[in-house]
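What follows is a set of notes on a single structure, which appears directly below.
The values are calculated or read from the model by the stated rules, or taken from the named source; none is laboratory data. In this text the structure is predicted, and so the values were computed from the model without any measurement. Ideal geometry is used to build each Cβ from the backbone, glycine not excepted, and the neighbour counts take in all protein chains shown.
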Amino acid sequence: MKSKQPLNRAIGRIGCAALALVLSGCAGHFRPKTHTQVEPIAAALPPPAESVAPAGSIARLTLPRPGLSQSLTEIAFDGRHPVPSNGSPVNVDAHSVLFLQFPQIVRTDAVGSASPEWEPIVEMLTYFDQAAKRMNEINSRQPRSAAERKQLQQDAAAAASRAANMVRELLSNKSLKLDQVEIADIVGGLHPAFAGANLSTNNGYVNLALWLNIKMQERRDALQTLATNQQVKVSVQAFRDSNGAKSALHVDGWDTFAEGPYEPIDRTGLRPTPADQERLNAERARAESTKELVESIMEKDGSLRQTLKALPGEAEQILNQLAGRLTSFPSELAADQFKTLTNKLADLAGADAQSPAAKLLGELKVFQADVVRIKMLGDSVRTLTNLVKNLKQARPDELIFGSENLFAQAGGALQIFIGIATNLPTLPDRIKRIQEALPLVADSVLQGQAEAAMQSVTNFLGAVGTDFAEKAGAVIEKLNKFLGTALTLQVTTSIKKPEGDWLIRTPDNLVPGRLDLRRSHVALGDLVSIRVRATNEATGELVEPVLYETEVGLMGLHGKPAVHFIMARALSGPAQATQWKPNVAAAVEWHYTKRDPHAWGKTWNWLYPGVGIHLASLDQGDDSVELGAGGIISLWDGLLTGGFGYNFSNNSDHEYVFVGVNLLSLLQQGKKQFRHD
Amino acid sequence: MSETLPPLTAEALEADLINEEFSAYLYIGSAADLGWKFAQTAFKLVPRLRIYLILDRVAVAKWAGNSNPAGIVFGWDDKVYRRFDKAEAENLQLVLDIIAEAMNT
């Protein structure tokens, strides 16, 4: 039986129907999601001249899953710039407005102009359509000469090569999860998805197109369900992270917070906003206390030097005691144990958020987080103990400037310790509440499992003793004193939230969100994040967890005020003047940031070089107050600075030089290093 | 075109093989075999390809050689291009690659 059926019309109908499905599926606020793209497999055989191969479409082909469509755009003085989601923070200009949209996708009225996510599918449908037509055409030929026969053989051979390559790419596309038998079932019309479909008996490309069509229909239905599901709740929340302090920001349309006053950051760097002034105050406080700390360290037999020798020893002793007690915590208290419990409670609770099971589930989830914290506490105690040992052994200059960056590491480790230790005293109350809630859930097996999980923690709490908080507090106090306020960032366990609340919307009621950075009390270097979450409240499924992260800066040429801790000396004069001494300098530096940098531009932005002027307090003569001024250069946003200046005091030697570090940046680098470790 | 031997005769098969307007793939086994399923897949993806299910191995002894093959690939004439053992015939990618090679030769 030769393949002579006229399929072109049928294929055309399928192609049109498929496209219509794509187009209608794209409408609304939802879009298909694609995953990582893969390079197409190279053809095993040379492609024919008239190739209609999918040109990598199969490699890019993914079957979409329903998701919320949204995009964030920075509307800046120099144009509109898309902000990528779920990636590293990108720089945005402090004068910009961040605009969140839930776009309607309408560019889908013809092949080639569909939305990008759908293009590989549209290309594949087109390819299947052309391949089916080509196969029918070649099969229907009746050559009348040797030349026509030769041409027929060449065309058929080319089609065979394309078929082999198509199957190779279908198999290598991991997201499709197709094996050889499944491909054979699709081509042969035997796939379970084909129930009741009008199949071709001799043209596999028709069946492939039909399969893709059916899969798309399934996705379209899912998108439609999601778009109309009132159980799906969407929220948009924005936060500012400034020097370790986190606060919620107002987003128009998505919360009831009041809009802040209009405070654009001055591009010259000469008129700091209140938010930037806070940053400068923090930098100044840290620079000054570090100056005092270093002065004390440099003093021979100074009191602080004695303290430095003694305090870590005491802290180490207490930490060792705590570490010994923490070993009683069972390491086998695994996530599986809680998973079984919480799954069962979720089943019992159903959709009733007020049921005893739902309440117990909430308590148990927090309890589980506490258990994780206890395990982290063990790690942080061990880290701190090791760091304290190193602090004792290191020279003062190594503490701050050494490659190990011990001060910064210890500061980071201490903050984690504080964060966990301050939460621990709430555990006994939580256990009590869980024990009271258990009898209300009428499931004896579950009650037994919950009791067993809590027993280990109860035992642990008994072992660490009632004086845990006191002991932890002593460590915190001693290390804090030792490290100095210069190197410990403010520990914030809660988020500062303005008066008002966030709004929750359903998918049919999404509105654009607008965050005006000029009214958000942001300072240069702040991290501003926007979180979009869509949760199906009926199933608990998190449909859309999207995070946009930005770092506030200024694009183009701009000035930035800063306060630096410096080590300065006069270029000539008596030993008192030429000795390196700790001081503080205030500066205004001018930088240039490239928008959308490439190659060397990225390196330039990474270096963030600055040139400016400074005013320094000095200690090179006998005057009670010594001031100097001059030039300054900086790299890595002031992480490293250097400069020269003129001392205005009544000394004979006026010229001086200095080097310095921005300890705030240094500490943040240290914290990152600690986290990575 | 998909045919089964028998009822097709060896003579009719030979006549088909010398037809330069078609290439051919013989699968020697039963209709329930995975190898035959893949032969049918190839038929539905490759134009001008004829496939044959050979139930009587003796009838194709002329092309089978001594290796007791499960599949035999022909180009545009009756010369054997490649013989497959059972495992090879149950590899769809290999079957398609070799058929394409035979047709391009």
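Here are the numbers for this structure:
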read-out: Residue count, segment A:132-155 (criterion: within 8 Å of another protein chain (Cβ to nearest Cβ), among the aliphatic types (A, V, I, L, M) and without any contact (Cβ under 8 Å) to a residue 40 or more places away in the chain); value: 2
read-out: Pick from segment B:74-89, criterion surrounded by fewer than 23 Cβ atoms within 10 Å (Cβ to Cβ) and under 17 Å from B:Leu55 (Cα atoms), ranking: nearest to the other protein chains (Cβ to nearest Cβ); value: B:Lys86
read-out: Some residue of segment A:565-580 being touching a residue at least 12 places away in the same chain (Cβ under 8 Å), part of a loop (DSSP other than H, G, I, E, B) and closer than 30 Å to A:Asn229 by Cα; value: no
read-out: Qualifying residue in segment B:4-15 (condition: more than 13 Å from chain A (Cβ to nearest Cβ), surrounded by fewer than 21 Cβ atoms within 10 Å (Cβ to Cβ) and in contact (Cβ under 8 Å) with a residue 60 or more places away in the chain); value: yes
read-out: First in segment A:633-656 and farther than 21 Å from A:Glu283 by Cβ, second anywhere and of a type in the set (Gly, Ala, Ser) and in a loop (DSSP other than H, G, I, E, B), Cβ under 6 Å, 6 or more apart; value: A:Ser649/A:Gly621; A:Asn651/A:Gly621; A:Asp653/A:Ser572; A:Asp653/A:Gly573
read-out: From the options A:Thr550, A:Thr539, A:Thr578, A:Thr535, residue that is surrounded by fewer than 18 Cβ atoms within 10 Å (Cβ to Cβ) and either more than 26 Å from A:Ala629 (Cα to Cα) or at pLDDT 90 or above (or both); value: A:Thr539
read-out: Restricting segment B:90-105 to residues that are more than 8 Å from chain A (Cβ to nearest Cβ) and buried (at least 19 other Cβ atoms within 10 Å of the Cβ), the residue that is nearest to A:Ala158 (Cα to Cα); value: B:Ala102
read-out: Residues being aliphatic (A, V, I, L, M), more than 14 Å from chain B (Cβ to nearest Cβ) and not in a helix (DSSP H, G or I) - total across segment A:172-198; value: 2
read-out: Residue within segment A:130-148 that is in contact with a His (Cβ under 7 Å, 6 or more places away or on another chain) and either at pLDDT below 85 or in a loop (DSSP other than H, G, I, E, B) (or both) present; value: no
read-out: Restricting segment A:188-211 to residues that are surrounded by fewer than 21 Cβ atoms within 10 Å (Cβ to Cβ) and of a type in the set (A, V, I, L, M, F, W, C), the residue that is nearest to B:Leu92 (Cα to Cα); value: A:Leu190
read-out: Candidate set: segment B:28-42, residues that are within 14 Å of chain A (Cβ to nearest Cβ) and of a type outside the set (A, V, I, L, M, F, W, C); chosen: the one surrounded by the fewest Cβ atoms within 10 Å (Cβ to Cβ); value: B:Asp33
read-out: Qualifying residue in segment A:207-226 (condition: at pLDDT below 85 and not in a helix (DSSP H, G or I)); value: no
read-out: Options A:Leu190, A:Leu249, A:Leu210: the member that is under 28 Å from A:Ile138 (Cα atoms) and in contact (Cβ under 8 Å) with a residue 12 or more places away in the chain; value: A:Leu210
read-out: Criterion (among the charged types (D, E, K, R) and more than 20 Å from A:Ala160 (Cβ to Cβ)) met by exactly one of B:Lys79, B:Lys62, B:Lys37, B:Lys44; value: B:Lys62
read-out: Segment A:524-538 residues that are on the phi > 0 side of the Ramachandran plot and in contact (Cβ under 8 Å) with a residue 12 or more places away in the chain, paired with ones that are of a type in the set (Ser, Thr, Tyr) and outside any strand (DSSP E or B) (beta carbon under 9 Å, 6 or more apart); value: A:Gly525/A:Ser665
read-out: Tally of residues being at pLDDT below 90 and surrounded by fewer than 16 Cβ atoms within 10 Å (Cβ to Cβ) across segment A:624-634; value: 2
read-out: Filter pass, B:Leu45 being within 12 Å of chain A (Cβ to nearest Cβ), buried (at least 21 other Cβ atoms within 10 Å of the Cβ), more than 13 Å from the chain's Cα centre (by Cα) and at negative phi; value: yes
read-out: Odd one out for A:Ala158, checked against (1) modelled with pLDDT of 90 or more; (2) facing chain B (nearest Cβ under 7 Å); (3) within 30 Å of A:Met216 (Cα to Cα); value: (2)
read-out: The one condition in (1) more than 9 Å from chain A (Cβ to nearest Cβ); (2) hydroxyl-bearing (Ser, Thr, Tyr); (3) buried (at least 21 other Cβ atoms within 10 Å of the Cβ) that B:Ser23 fails to fulfil; value: (1)
read-out: Segment A:173-193 - residue that is of a type outside the set (D, E, K, R) and over 19 Å from A:Asn203 (Cα atoms) and, of those, modelled with the highest pLDDT; value: A:Leu178
read-out: Qualifying residue in segment B:49-69 (condition: more than 12 Å from the chain's Cα centre (by Cα), within 14 Å of another protein chain (Cβ to nearest Cβ) and touching a residue at least 24 places away in the same chain (Cβ under 8 Å)); value: no
